[in-house]
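Asks: Here it is, the structure in full.
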Amino acid sequence: MAYLKKYLLPIFVLFLAYYFYSANEEFRPEMLQGKKVIVTGASMGIGEAMAYQLAKMGAHVVVTARSKENLKKVVAHCLELGAASANYIAGTMEDMTFAEQVVVKAGKLMGGLDMLILNHIHKTPMTLFANDIHLVRRSMEVNFLSYVTMSVAALPMLKQSNGSLVVVSSTAGKIPFPLIAAYAASKFALDGFFSSIRKEYSVTKVNVSITLCVIGLINTDSAMNAISGIIDLQEASPKEECALEIIKGGALRQEEIYYGNSLWTILLLGNPGRKILEYLTLRSYNMDKFINN
Ligand SMILES: NC(=O)c1ccc[n+]([C@@H]2O[C@H](COP(=O)([O-])OP(=O)(O)OC[C@H]3O[C@@H](n4cnc5c(N)ncnc54)[C@H](OP(=O)(O)O)[C@@H]3O)[C@@H](O)[C@H]2O)c1
Ligand SMILES: *[C@@H]1O[C@H](CO)[C@@H](O)[C@H](O)[C@H]1NC(C)=O
Ligand SMILES: *[C@@H]1O[C@H](CO)[C@@H](O)[C@H](O)[C@H]1NC(C)=O
């Protein structure tokens, strides 16, 4: 009972305050006007849709993916839609030197960085895990390690701008599903890594927000092809709206956003158990020795 009073009650009040506060903030497209944004995996799908949303809001965009031809078209359309500037850098995120260089070059092109949107993924078919360790390594490199590499390269610029890191994950990065073990591993890893450094930023007063996007089924060509004949009767949400919700989440500096999930999924994934344990665990840490100046 004493425990309940000491911990649970204050935590509950904190949650209420937090939800009340975050619900009060309102998104305005002007928030992105003139902002400098990198979008990865932007040659098609949700990434392409994000580039167009940002362009309409008058942002500077640098898009990246492997296919140069697609990126050229995306850049041209961004300029038509009103982007403050639009450029592309083509290459593969299997190469960590490229991942780092994209950030450096984009920073030079735009003169800084306000938002890094990490969205690309290695294409994976839905199938039983058949001892394909190569696929696991590739998925971890492209879907996880390159995200870490890019965020490391971007951090100095993001610190300067009080900027935002936006990490596109999946419902499959919160709940295990069959047939996508390698993909799931990389998406769970994103939660582990980025939710962990979010705690460090909060303690060490690094004012860079981290938004983890928990996305359900979206109507991109890749996703529709991947599930075809395997998952039926699934309603896919529109990629344009998904793109907008991801950008909103980043601009409002939210820790997590949920899009394209059922109400039940969102309610159950709210996971108060995890939040309470996070809070209680941190209390027993002596973080002072890690705080400089
Ligand atoms: N669609 C869904 O139902 C769904 C559901 C949950 C989460 N998500 C998440 O949403 C994000 C986007 O998904 P999407 O459906 O829009 O995917 P998509 O249409 O397949 O687009 C993937 C993007 O990644 C790029 N890419 C692939 N391999 C790459 C590599 N080695 N190096 C650099 N870029 C590479 C692709 O361009 P190139 O081929 O030109 O390189 C493309 O631009 C992903 O993080 C995904 O996990 C999607
Ligand atoms: C970043 O935030 C700090 C503290 O709120 C503020 O003093 C500073 O001017 C901000 N910098 C930018 C570029 O917004
Ligand atoms: C962090 O940056 C945001 C965006 O510039 C700003 O609104 C906020 O006041 C800053 N917070 C702190 C604690 O500096």
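Asks: List the residue pairs whose Cβ atoms are under 9 Å apart, where the first residue sits in segment 180-195 and is farther than 20 Å from F129 by Cβ, the second is in a loop (DSSP other than H, G, I, E, B) and acidic (D, E), and the two are 6 or more positions apart or on different chains.
Replies: Sorted first by the residue in segment 180-195, then by its partner, the pairs are S195/E255.
Asks: I would also like to ask the following. Using the structure shown, decide if V75 is crowded, with 18+ Cβ neighbours inside 10 Å and either under 22 Å from L212 (Cβ atoms) or within 16 Å of ligand 2 (Cβ to nearest atom) (or both).
Replies: Details: crowded, with 18+ Cβ neighbours inside 10 Å: yes; either under 22 Å from L212 (Cβ atoms) or within 16 Å of ligand 2 (Cβ to nearest atom) (or both): no.
No, not satisfied.
Asks: State all residues of segment 258-276 that are over 20 Å from E200 (Cα atoms), among the aliphatic types (A, V, I, L, M) and touching a residue at least 12 places away in the same chain (Cβ under 8 Å); if no residue qualifies, say none.
Replies: Residues of segment 258-276 that are over 20 Å from E200 (Cα atoms), as a first pass: 258-273.
The next check asks that each one be among the aliphatic types (A, V, I, L, M); those that pass are 263, 266-269.
Across segment 258-276, the qualifying residue is only L269.
Asks: Can you run down the residue pairs with Cβ atoms below 8 Å, 6 or more apart or on separate chains, where the first is in segment 215-229 and closer than 24 Å to V166 by Cα and the partner is within 16 Å of ligand 3 (Cβ to nearest atom) and of a type outside the set (D, E, K, R)?
Replies: Close Cβ pairs satisfying both conditions: none exist.
Asks: Ok, one more. Could you check, for segment 230-238, whether at least one of its residues is in contact with a strand residue (DSSP E or B) (Cβ under 9 Å, 6 or more places away or on another chain), at pLDDT 95 or above, surrounded by fewer than 19 Cβ atoms within 10 Å (Cβ to Cβ) and within 20 Å of F27 (Cβ to Cβ)?
Replies: yes
Asks: Is there a residue in segment 164-174 that is under 16 Å from the mean Cα position of the chain (by Cα), within 16 Å of ligand 2 (Cβ to nearest atom), closer than 24 Å to A49 by Cβ and surrounded by 14 or more Cβ atoms within 10 Å (Cβ to Cβ)? First the steps, then the outcome.
Replies: Within segment 164-174, the subset under 16 Å from the mean Cα position of the chain (by Cα) is 164-174.
Going one step further and asking which of them are within 16 Å of ligand 2 (Cβ to nearest atom), we end up with 164-165.
Checking the rest, the ones that are also closer than 24 Å to A49 by Cβ come to 164-165.
When the remaining residues are screened for being surrounded by 14 or more Cβ atoms within 10 Å (Cβ to Cβ), the result is 164-165.
Checked segment 164-174: at least one residue is under 16 Å from the mean Cα position of the chain (by Cα), within 16 Å of ligand 2 (Cβ to nearest atom), closer than 24 Å to A49 by Cβ and surrounded by 14 or more Cβ atoms within 10 Å (Cβ to Cβ).
Asks: For the structure I just gave you, tell me whether V142 is in a helix (DSSP H, G or I) and within 26 Å of R198 (Cα to Cα). Don't jump to the end; show me each part of the working.
Replies: Numbers: in a helix (DSSP H, G or I): yes; within 26 Å of R198 (Cα to Cα): yes.
Against the criterion (in a helix (DSSP H, G or I) and within 26 Å of R198 (Cα to Cα)), V142 qualifies.
Asks: Would you mind finding the one in S161, S170 that is of a type in the set (S, T, Y), touching a residue at least 24 places away in the same chain (Cβ under 8 Å) and within 16 Å of ligand 3 (Cβ to nearest atom)?
Replies: S161
Asks: How many of the residues making up segment 236-293 are away from ligand 1 (no atom under 16 Å from the Cβ) and either on the phi > 0 side of the Ramachandran plot or not in a helix (DSSP H, G or I) (or both)? Steps first, answer last, please.
Replies: Within segment 236-293, the first condition is being away from ligand 1 (no atom under 16 Å from the Cβ), and the residues that meet it are 251-255, 263-264, 267-268, 270-293.
Then drop every residue that is not either on the phi > 0 side of the Ramachandran plot or not in a helix (DSSP H, G or I) (or both), which leaves 252-255, 270-271, 284-287, 291-293.
So the answer is 13.
Asks: I've got another one for you. Output yes when any residue across segment 187-194 is touching a strand residue (DSSP E or B) at 6+ places or on another chain (Cβ under 7 Å), within 16 Å of ligand 3 (Cβ to nearest atom) and either at pLDDT 95 or above or assigned to a helix (DSSP H, G or I) (or both), and no when none is. Spell out the reasoning first.
Replies: Applying the first criterion (touching a strand residue (DSSP E or B) at 6+ places or on another chain (Cβ under 7 Å)) to segment 187-194 yields 190-191, 194.
Now drop any that are not within 16 Å of ligand 3 (Cβ to nearest atom), which leaves none.
For segment 187-194, residues touching a strand residue (DSSP E or B) at 6+ places or on another chain (Cβ under 7 Å), within 16 Å of ligand 3 (Cβ to nearest atom) and either at pLDDT 95 or above or assigned to a helix (DSSP H, G or I) (or both): absent.
Asks: Of the residues K72, K36, only one is more than 16 Å from ligand 1 (Cβ to nearest atom) and either at pLDDT 95 or above or among the aromatic types (F, W, Y) (or both); which? Walk me through it before giving the result.
Replies: Numbers: K72 fails: more than 16 Å from ligand 1 (Cβ to nearest atom).
Checking each option against the conditions leaves just K36.
Asks: Report whether or not N225 is part of a loop (DSSP other than H, G, I, E, B) and not aliphatic (A, V, I, L, M). First the steps, then the outcome.
Replies: Numbers: part of a loop (DSSP other than H, G, I, E, B): no; not aliphatic (A, V, I, L, M): yes.
Spelling it out, it is not the case that N225 is part of a loop (DSSP other than H, G, I, E, B) and not aliphatic (A, V, I, L, M).
Asks: Can you pull out every residue in segment 120-158 that is more than 16 Å from ligand 3 (Cβ to nearest atom), without any contact (Cβ under 8 Å) to a residue 60 or more places away in the chain and among the aliphatic types (A, V, I, L, M)?
Replies: Correct list: L128, A130, I133, L135, V136, M140, V142, L145, V148, V152, A153.
Asks: With the condition kept exactly as written, say whether any residue in segment 215-234 is closer than 29 Å to A153 by Cα, more than 16 Å from ligand 2 (Cβ to nearest atom) and out of contact with any helix residue (DSSP H, G or I) (no Cβ under 7 Å at 6 or more places or on another chain).
Replies: Scanning segment 215-234 turns up no residue that is closer than 29 Å to A153 by Cα, more than 16 Å from ligand 2 (Cβ to nearest atom) and out of contact with any helix residue (DSSP H, G or I) (no Cβ under 7 Å at 6 or more places or on another chain).
Asks: Something else about it: From the list H120, H134, which one is buried (at least 20 other Cβ atoms within 10 Å of the Cβ) and not aliphatic (A, V, I, L, M)?
Replies: Numbers: H134 fails: buried (at least 20 other Cβ atoms within 10 Å of the Cβ).
Sole residue among the options that is buried (at least 20 other Cβ atoms within 10 Å of the Cβ) and not aliphatic (A, V, I, L, M): H120.
The values are calculated or read from the model by the stated rules, or taken from the named source; none is laboratory data. This structure is a prediction, so every number in the text was calculated from the model and none was measured. Heads up, the Cβs are rebuilt from the backbone with ideal geometry, glycines too, and the neighbour counts pull from every protein chain shown.
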